[in-house]
Structure formats: structure tokens, C-alpha cells
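Accompanying notes for the structure given below.
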Amino acid sequence: MAGGMVQACGEGSEMSKLSKALRYALNGRRLGRSNARTPCICPEISRPGSANVYRHGDPVDCEGLSYPIHRPVGECSRLTSSLCTLDQLQSPAFRYWTQQLKADWMPHRKLWEHCFILQALYERGLLNEGRRGLGFAVGQEVLPALMAQLGCEILASDLDVGDERSQVWAETDQLASTLEGLNASGICEPEKFRQKVRFRSIDMNCIPQDVIGFDFTWSSCSFEHCGSIKAGLRFLRQQMRCLKPGGVAVHTTEFNLSSLEQTVHSGQTVIFRKQDIEAIVTDLQQEGHSVEPLQLDLGSSEEDGQIDVMPYSFAPHLKLVLFERFVTTSIALIIRKSQAGLQQSKDSAAA
């Protein structure tokens, strides 16, 4: 890689003042609305009779309190499970991956997701020759092509084009229908791509039993589309079976910044709350897996405090409104599978 290494983060700094409503979602503070112009992010804590109006680009109401930053100030470290922030997206590591993806840099959460997945896997030594990766609901992502160019063997998957649930994604060009389409940008040498990448139709709610033995798995804002919060969390547990002992999963999804309680529980898209994420982390740990600590840093820039509304402008698009009610951002989870299976194999061999 360029320069022989990719650094995980840029210089740290204290967070600037942030939205009371954003802080509410993380700290559980009950905060009211201070004026009619500033958008209130928390519908259930608005004053009686107040309208919840979102205006594109308006900064949200701010005070001095903030959620603590967990990373050491001024130091670089490996990525941990975290929320989308401009600070990470502007870091040398994420800008490097933006170039490798042949993408234009912009303050957009989807670019953050792709760069986060790549950097998390790179830091753990998984983006090199001989590694096997499995991508769920890859759509039109270029990640499989870049991973293949770096030497990985990739199984890219998505819903079958004949599945009625796939039609909405097909209509918006977000469904993977051909293997060649995953290398449309020419990131990977054509012959190498044919050798390294395979495609298979996989329903995230029913992962085939023979899909196993991978060094890493990933998905980019996909498991919120499994049908319900319960189904999405079940997918996270079940996909761990696809990994080798010690393998790594990196998955991003929607994170609710509007409420600790109210959310969208079922449907085509659901929104995970802090309690849902904490619950799946506990479940995974009880099954013997390890989850990188949650770093719920909301970001310190002006862009981090702005909300994008329909029709989305995409600049900045780090926090946005879904269902005309909930402000969300992306959260990434890094999970390492238990080494128990590997140790059992070693014990058996020694015997």
C-alpha cells in the first residue's frame, strides 16, 4: 500500500457543542425544545403542541455538555465499533481508501461505511493474498473488486433477483444481478476479478449451511432490511457461523439518534436503538465472541451537527431523517469470532 501503511485516525480534538437531542439519544437526558426555528430531534420529548420541523442544513440546538471521547487525544489507534463522524472520514486512512475506491471524497455516511469496513479489515491483516471474504447484500458495491485486487477470494451475495423483496432494490440499481457489474469501475484487473470473485444468491434471513470457512464477513447498511429488529440481530448472530475461528465481521447499520425507546421495529427498514446494539453485543459476548468497544462519539464538526432531509442533498449526509421522524446515522460493529473452535482443533491434533 502507499507509504507501506495506513493510519487509523487523524488528530483528536475535544468535541464542540452538539445537539441536546443527539446527546439525549446517548445519555438519556430529557431535554426540551428551546425555540421554534431549531429542529427538535426527539419527537417524544417535544413540548406539547410543538411541531417537529426539520430544515436541511440547520444546526441543531446546542449546549456545553457532550458525550465523552474515548480515544486518546492526539494519538492514532485501531478502529473500534463507532458512529459515523467527519473526523474519521477526513483521516488519511479513509482518504486513502476513497482513492482506492476511485470515488470522490464527500461528507457522506455511505463513503464512511465503505472506508470503515476496508480500514477495519486492513488493520487486522485480512486484506491480502489468500484471505477469504463474504459480503452480504453487496448491491452495486465496489468493495468486492477492491478486495479481490488486494488478493482476497470473495464470495459476493445478494437477494435472488426472482425474490419479490428484491424488486425495490432492483428498481433503484441497488441489487447485484451480475458478477461483472461488481467490477464496472475497473478497480480490479478483469482476469484477476474472474479468478477471485464469485457471486451467490443468499437470503440474509436464511444463510445456507455450507457457507462457512471465511476469514471475514461484511455488510454495509443491510441488516436493517431483514424485516424487523429481531431478524436483524438474529442475522448478526447467525452470520458468525460463516467465519473461521478468530475470523472478523464488520457490519454497519442504522442507529437511532432520536430516541432511546421509540423507533421503527419492523418493515422494509428498521432503526436500531442504543439498547438494541448493546443487547446484541451482550449476546455475542455470551456466545464467546469479542466485540470492539462501542465509541459513541458524535463528531466535533459543524457538519456532524447538521441533518439531511428528503430530498437528500448528500452534502453533508452524515446524519439524516428517516420516516420524517427519526434522525439516524451509521454505526459500525467489529466482531471477532471465538477462538474456541481453533483451540479444539489444535487439541485434537495434539492428541
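For region 304-325, give me each residue that is surrounded by fewer than 22 Cβ atoms within 10 Å (Cβ to Cβ), under 18 Å from Thr253 (Cα atoms) and among the aliphatic types (A, V, I, L, M).
Selection gives Val321, Leu322.
Within region 80-96, restricting attention to residues that are small (Gly, Ala, Ser) and outside any strand (DSSP E or B), which residue is farthest from Leu111 (Cα to Cα)?
My answer is Ser81.
Within region 239-289, which residues are within 16 Å of the chain's Cα centre (by Cα), of a type in the set (S, T, N, Q) and either at pLDDT below 95 or within 18 Å of Thr328 (Cβ to Cβ) (or both)?
Within region 239-289, Thr252, Thr253, Asn256, Thr269 meet the criteria.
Of all residues in region 130-170 being assigned to a helix (DSSP H, G or I) and modelled with pLDDT of 95 or more, which is nearest to the chain's Cα centre (by Cα)?
Ranking the qualifying residues of region 130-170, first place goes to Leu143.
The conditions are (1) modelled with pLDDT of 50 or more; (2) farther than 25 Å from Ala145 by Cα; (3) charged (D, E, K, R), and Arg95 fails exactly one of them. Which is it?
(2)
Filter region 97-129 down to the residues that are of a type in the set (Asp, Glu) and not in a helix (DSSP H, G or I), then identify the one that is nearest to Val142 (Cα to Cα).
Asp104
Exactly one of (1) touching a Phe, Trp or Tyr at 6+ places or on another chain (Cβ under 9 Å); (2) closer than 30 Å to Pro245 by Cα is unmet by Leu260. Its number?
Checking Leu260 against (1) touching a Phe, Trp or Tyr at 6+ places or on another chain (Cβ under 9 Å); (2) closer than 30 Å to Pro245 by Cα, the one that fails is (2).
Just to verify a result, which residue in region 205-238, among those that are in contact with a Leu (Cβ under 8 Å, 6 or more places away or on another chain) and under 17 Å from Leu333 (Cα atoms), is surrounded by the most Cβ atoms within 10 Å (Cβ to Cβ)?
Selected residue: Trp218.
The values are calculated or read from the model by the stated rules, or taken from the named source; none is laboratory data. Keep in mind it's a predicted model, so treat the numbers as computed, not measured. When we count neighbours, we look across all protein chains shown, and the Cβ atoms used for this are built from the backbone with ideal geometry, even at glycine.
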